[in-house]
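To keep things clear, I will list the structure first and then write my remarks on it.
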Amino acid sequence: MPLSSLWDGLGYRWRNGDGRVVLGAHHAVDALRGTRPTSLVSCTADGELTIGCQGPAGSVGLTLPFLEERREPHAGPPVQRTTGAAGHAGSPDLLVVACTAARARRLPSRHALLMPLRLSLQVPVSGGAEPLARVSAKDRTHYRRQRTRRTWTLEHSTSADDFDFFYDRMHLPTMIHRHGSAARSEPRRSAYSCIFRKGALLFLHDSGTRVAGMLCKWEPARRKLVIRLAGVLDGDTSLYRSGVSMALYIEVLDWAARHGADIVDLGGCEPFLSKGTFQFKRKIHPEVSLPGNHWGGQRIWLRVRRDSERLRDFLVCNPPVAVDGRGLLRPVYFHDHDRPPRTELRWQTPGLAEPRFVDLDEFLADTPHTRPTRRREYR
C-alpha cells in the first residue's frame, strides 16, 4: 500500500472513526488540549453581540462560523476575531465553551445551557417499510407530483472519472456556494480512497441529465450506508427549489433498503433548530442522537454574560437543542413579552424530547445590560 494511501486512511479514521482506540486517542488529545484551548472573540462593526468561543481548535472551527452566520441578521457580519481571554469578565456578551461532557457538567448552570456539540441524524430503512412513508406529507405529495412530470432515475457509478465529475462539478461548487470561505469538506484523496472505493457514488438523473449526487460510505458490519458528501450540479440553487435534493434523499433511502442496509446515516449538524440542514432533514423524520464518533463526547456550554435586545433576538431566533438533567436531547424555545417563541422552527422527530419554553426575563435575571439599541426586525 502506498504511504500516501495509508496516511489518508489514518486521517479519515481519526476524523470519523468511532472505535475504542480512536475514541480513546481523541479523549487523551482533548484532555491535553484542554490545558491550552483555542480562544477567540468575534466582534461586529458596532461592537454589539460579541461572541467568545473557547475549546479545542476543531470544536471552535465547527461552532463559531455557524454562530457568526446566525448573528449577522441582528448585529451585522463579523469584522474581527481576536485571540485571547474568551472567559474574561469584560469580553463577550455570549460565551461558548466546547469541552468534554464531564467538564461541562461541572460548569455553572445559571444563565447557561448545556448542549451537544453535534447532532447525528439516522434513518432506519429495514423491515419492509417504504422510505417515502417517513417523508412529511407536503414533501411526499410534491415528490409524487414531480415524479409524474419528470423522469427521475438513480445511477450507481464506479468510475473514477465520475468521482472527479461529482467532486468538481457537484460537491465543491455546492459547498462553496452554501458556506463560502467557511466551507469544509473531506479532502479529495481521502474521499476517493476511503469513501468512493469502499462505498457508493449515486447520481440523480432528471430526464437523462445528472443533476445531483451523493458519495456514501458502506459499513457492512453494521449494515449502514453513511452519506458523506453531497451536491447539486454546479451548486445551482434552483435545483434545490425544484425538489431535486429531496428526491435524491428519497431515492437513496430506497436504494439502500433494496441493497440490504438497515440504517442510512444522514450525517450531522449543529444543535440548533434554525440550522437549515436540520430543518430539511427533519422532513424525513430521522432519529436524532449523539454522534458515535469523538464529537459525541463533546458538549457546548453556552452562557449569556450580558443582556441586550440583539442578544434576545438571537436566542429567540435560534432555538438550541440542550442536554437535560436526564441526558435527553430537548429543544429550548426562548421567548419574552415582545418576542413569541419561534415554534415555526419545528422540532418533531424521533430522539428529541418535548421542548422547554424559557422566559428570557427569568433566564437572564440579574445579568448586566448593554446600552439600549434600536431593535431590528428579527423574523
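Summary of values
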{"item": "Unmet requirement for Asp93, which otherwise passes all of (1) open to solvent by 10 Å² or more (accessible area, probe 1.4 Å); (2) at pLDDT 90 or above", "result": "(1)"}
{"item": "Tally, over the stretch 222-238, of residues that are open to solvent by less than 30 Å² (accessible area, probe 1.4 Å) and either assigned to a strand (DSSP E or B) or in contact with a strand residue (DSSP E or B) (Cβ under 6 Å, 6 or more places away or on another chain) (or both)", "result": "7"}
{"item": "Every residue from the stretch 138-154 that is of a type outside the set (D, E, K, R) and open to solvent by less than 60 Å² (accessible area, probe 1.4 Å)", "result": "Tyr143, Gln146, Trp152, Leu154"}
{"item": "Residues that are part of a strand (DSSP E or B), out of contact with any helix residue (DSSP H, G or I) (no Cβ under 7 Å at 6 or more places or on another chain) and open to solvent by 10 Å² or more (accessible area, probe 1.4 Å), drawn from the stretch 55-80", "result": "Val79, Gln80"}
{"item": "Pair list, Cβ < 9 Å and 6+ apart or interchain, from the stretch 295-309 residues that are among the hydroxyl-bearing types (Ser, Thr, Tyr) to residues that are outside any helix (DSSP H, G or I) and crowded, with 22+ Cβ neighbours inside 10 Å", "result": "Ser308/Leu49; Ser308/Asp93"}
{"item": "Residue that is surrounded by the most Cβ atoms within 10 Å (Cβ to Cβ), among those in the stretch 191-221 that are free of Cβ contacts under 8 Å to residues at least 40 places away in the same chain and closer than 10 Å to Met170 by Cβ", "result": "Met214"}
{"item": "Per-region count, the stretch 244-294, residues assigned to a loop (DSSP other than H, G, I, E, B) and open to solvent by 10 Å² or more (accessible area, probe 1.4 Å)", "result": "12"}
{"item": "Odd one out for Ala129, checked against (1) touching a Ser or Thr at 6+ places or on another chain (Cβ under 8 Å); (2) more than 27 Å from Leu233 (Cα to Cα)", "result": "(1)"}
{"item": "Complete set of residues in the stretch 295-332 that are among the aliphatic types (A, V, I, L, M), part of a loop (DSSP other than H, G, I, E, B) and crowded, with 22+ Cβ neighbours inside 10 Å", "result": "none"}
{"item": "Those residues of the stretch 42-54 which are part of a loop (DSSP other than H, G, I, E, B) and either more than 17 Å from Arg310 (Cβ to Cβ) or of a type outside the set (Val, Ile, Thr) (or both), in sequence order", "result": "Ala45, Asp46, Gly47, Glu48, Leu49"}
{"item": "Residue list for the stretch 156-190, restricted to those being open to solvent by 40 Å² or more (accessible area, probe 1.4 Å), under 19 Å from Tyr12 (Cβ atoms) and touching a residue at least 40 places away in the same chain (Cβ under 8 Å)", "result": "Leu172, Arg184, Ser185, Pro187, Arg189"}
{"item": "Output for the stretch 238-293, where each listed residue is at positive phi and touching a helix residue (DSSP H, G or I) at 6+ places or on another chain (Cβ under 7 Å)", "result": "Gly243, His285"}
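The values are calculated or read from the model by the stated rules, or taken from the named source; none is laboratory data. These numbers were taken from a predicted model, which means no experiment stands behind them. Because the Cβ atoms are built from the backbone with ideal geometry, glycine has one as well, and the counts that use them run over all protein chains shown. In case anyone asks, the SASA skips ligands and DNA or RNA and just uses the protein heavy atoms, side chains included. Shrake-Rupley method; radii C 1.70, N 1.55, O 1.52, S 1.80 Å.
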